[in-house]
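A.B. asks: Got a structure for you, questions after.
What follows draws every value from the coordinates through simple rules; no lab data is involved. Only a predicted model underlies this, so the values are computations on that prediction, with no experimental measurement involved. Reconstructed Cβ throughout: ideal geometry from the backbone, glycine too, with neighbour counts over all protein chains shown.
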Amino acid sequence: MRYEIRVEGQLSEPLIRMFPELDHVTMSGQTLLFGQVVDEAHLYGLLARCQSLGLRVLELRQMPQ
């Protein structure tokens, strides 16, 4: 499954490195993290990582294969 996670703000390089399995783009004061998520546990782990880093998730979207 492919997912997009849109977070508030432009993430610094150290924060980007906390998501090595995802690609990213920055636009209009937001960062879009995207890539393959292997299962539900991986998805919840990514969301927990966002929370532990103090990131505000604006949108989570499953993308078509």
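A.B. asks: Suppose a student asked you for the relative contact order of the chain, using Cα pairs under 8 Å spaced at least 6 residues apart; what percent would you report?
C.D. replies: Details: 97 pairs, mean separation 33.4, N = 65.
Taking the mean separation of contacting Cα pairs over the length of the chain, I get 51 percent.
A.B. asks: Let me ask something additional. Spelling out what I want: for every residue of the range 50-61, take phi, set θ = phi - 60°, compute 6.51 cos²θ - 1.76 cosθ + 1.60 (Karplus), and round to whole Hz; glycine and proline get x.
C.D. replies: Couplings: 4, 4, 5, 8, x, 7, 9, 7, 8, 7, 10, 9 Hz.
A.B. asks: Per-residue counts of other Cβ atoms within 10 Å, averaged by peptide: what ranking do you get for 30-37, 12-19, highest first?
C.D. replies: On the way: 30-37: 17.9, 12-19: 12.8.
Per-residue mean Cβ counts within 10 Å order the peptides as 30-37, 12-19.
A.B. asks: So what is the calculated 222 nm ellipticity per residue for the chain, using -39500 (n - 2.57) for each DSSP H run with n of 4 or more, over all residues, to the nearest 500 deg cm²/dmol? Intermediate values should be presented prior to the final figure.
C.D. replies: Details: 2 runs with 17 residues, N = 65.
It lands at -7000 deg cm²/dmol.
A.B. asks: Let me ask something else. Assuming 0.36 nm per residue, please report the length gained on full extension of the stretch GLU21 to LEU53 beyond their Cα-Cα distance.
C.D. replies: Working: separation 32, 0.36 × 32 = 11.52 nm, distance 1.63 nm.
Difference between extended and current length: 9.9 nm.
A.B. asks: Something else about it: Considering the values [x] 4.0; [y] 3.8; [z] 5.8, which represents mean projected area of the Cα convex hull in nm² as calculated for the structure under consideration?
C.D. replies: The calculated read-out lines up with [x].
A.B. asks: Could you calculate the contour length gain from LEU60 to ARG6, that is, 0.36 nm times the residue separation minus the distance between their Cα atoms, to one decimal place in nm? Intermediate results must be reported in sequence, preceding the final value.
C.D. replies: On the way: separation 54, 0.36 × 54 = 19.44 nm, distance 0.64 nm.
Length gained between LEU60 and ARG6: 18.8 nm.
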